[in-house]
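Presented below is the structure to which this report refers.
Taken together, the values in this text are just the output of simple stated rules run on the coordinates, not laboratory data. This structure is a prediction, so every number in the text was calculated from the model and none was measured.
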Amino acid sequence: MVMNSYVIKKASPSDVIEIKKLLVYVWTFTFQSILSPYTIKKVTSVCFDEGLLASQVIDKTIAFFVVRDETDKIVGVANAREDENKVIILNRLYVHPALHEYGIGKKLLDEIIKYFQGAEKILLEVLENNVDSIEFYLKYGFRITGTNINIIDDVILHVKVMEKIVSSNKEKRVLDPTNECTIKRLLGNKY
Ligand SMILES: CC(C)(COP(=O)(O)OP(=O)(O)OC[C@H]1O[C@@H](n2cnc3c(N)ncnc32)[C@H](O)[C@@H]1OP(=O)(O)O)[C@@H](O)C(=O)NCCC(=O)NCCS
């Protein structure tokens, strides 16, 4: 076993194509056995549209982070904004499947919460059949507070709403560009 380092950075416009590639890959991998190819194609093309991602990356109200491995490849993405009620709305949290359960998702979520000074709550929507992610969020301290329906053109997605109180989150912390996430990985693991 060796210790590999993963660095969390703010996303930049030049990252957009690679971010899109990762998001499409992770979404397809996660839902290929649950959703139809049509639904996957529709959702990934609408939600991970390059123009949309580019506008979100430069939007100063959005915290948009990427995780890079030691070869500088993007292996994780998270973005969120804060609404007028001091609620952090988590829009995306994605980690490359080969790196699941090594602490990267938790670290990204920690950074999102620390970023928003004075936020009182964090809220997200997760597909109701995304059991693994729901387990992850429950472990992080979220609870299920409701359900919702998202409509993307002719696709209807049933989601669970999850929330966590973060009111002890008093101090804003601007992301340290050298922030490192060191985890144990087997040498030579390909992803
Ligand atoms: C959800 C996701 C981001 C979690 O990222 P991750 O890097 O694998 O999670 P972590 O390694 O940080 O896990 C943190 C803790 O949750 C636990 N955990 C992670 N996935 C879990 C699962 N499927 N079931 C139970 N526990 C889980 C870990 O064991 C770890 O526990 P520990 O703190 O006791 O060690 C990742 O699985 C993912 O990208 N999934 C696909 C995309 C997706 O569906 N995103 C959510 C959209 S709303």
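Observations on the structure shown:
- Interatomic Cα distance distribution for the chain, bins of 10 angstrom, percent: 9, 35, 40, 15, 1
- When only Cα pairs below 8 angstrom with a gap of at least 6 residues are kept, the chain shows a relative contact order of 27 percent.
- In whole angstrom, segment 1-97 maps to an equivalent ellipsoid with semi-axes of 21, 20, 13, each derived as √(5λ) from the alpha carbon gyration tensor and ordered largest first.
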